[in-house]
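The values are calculated or read from the model by the stated rules, or taken from the named source; none is laboratory data. From a predicted model like this one, the values you see are computed outputs, not experimental measurements. Don't worry about glycine lacking a Cβ; one is built from the backbone with ideal geometry, like all the others, and counts go over all protein chains shown.
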């Protein structure tokens, strides 16, 4: 957990980075028709213009990823815009709970890359097991041919805990447009509780990266026989 001093230092850095935003806003005001800003009303007017982008930059820095989307927002974005959902739940979790029901036009925008547990012997050698597992999944995602560092990605797990770690790891790899789906698939306000529908995993057509101890792994399509795509560097 970050100390108060670390958070304060990070906030100061973000404020410094946000200064150009404030400067450009002030320049825009001064170059417009003359405006008389008096007392408190003037201060409030400037705060209205300057604080939203400033606080947005600070919150992004402290959070480590773009933000949270509700399941309904996620469904709308992957159905109507160029957003991709990454399902990081295990095969067992998907078999048990199912996967999001999507319009046929959006099925290709959901990719499953299961979060894999580290071998027992290796768990005892690392400081933060969950962080390492999240970084391995993020590395796999970064190798996908259909995405780049400008892609809009929505990470989904069962309850959104692991999704946050993966989103932060992707951000550190240069993928700055990463969201998580709030409460995941099973949480209190997650996909199932939002009554958006679920399909049986075995009957779905979500694209999935097969679990593997080797990175990158092969990509296969569930329900399709004999078709496979390989990630960069694969030799299988």
Query - Condition met for residue 98 (within 21 Å of residue 195 (Cα to Cα) and in contact with a helix residue (DSSP H, G or I) (Cβ under 9 Å, 6 or more places away or on another chain)) - result: yes
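Test residue 162 against the stated conditions and say whether it is buried (at least 21 other Cβ atoms within 10 Å of the Cβ) and either part of a loop (DSSP other than H, G, I, E, B) or in the same structural domain as residue 194 (by TED's automatic domain parsing) (or both).
Numbers: buried (at least 21 other Cβ atoms within 10 Å of the Cβ): yes; either part of a loop (DSSP other than H, G, I, E, B) or in the same structural domain as residue 194 (by TED's automatic domain parsing) (or both): yes.
Yes; evaluated as a whole, the condition is true for this residue.
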Report summary line: Within the stretch 175-191, the residues that are at positive phi and within 12 Å of the chain's Cα centre (by Cα) are 184
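Determine whether residue 106 is buried (at least 21 other Cβ atoms within 10 Å of the Cβ) and not in a loop (DSSP other than H, G, I, E, B). Give the steps one after another, and end with the answer.
Details: buried (at least 21 other Cβ atoms within 10 Å of the Cβ): no; not in a loop (DSSP other than H, G, I, E, B): yes.
So residue 106 fails the test.
Does the stretch 53-66 include one or more residues that are over 20 Å from residue 178 (Cα atoms), at pLDDT below 95 and surrounded by 15 or more Cβ atoms within 10 Å (Cβ to Cβ)? Give the steps one after another, and end with the answer.
Of the stretch 53-66, the ones over 20 Å from residue 178 (Cα atoms) are none.
No, there is no match, as no residue in the stretch 53-66 is over 20 Å from residue 178 (Cα atoms), at pLDDT below 95 and surrounded by 15 or more Cβ atoms within 10 Å (Cβ to Cβ).
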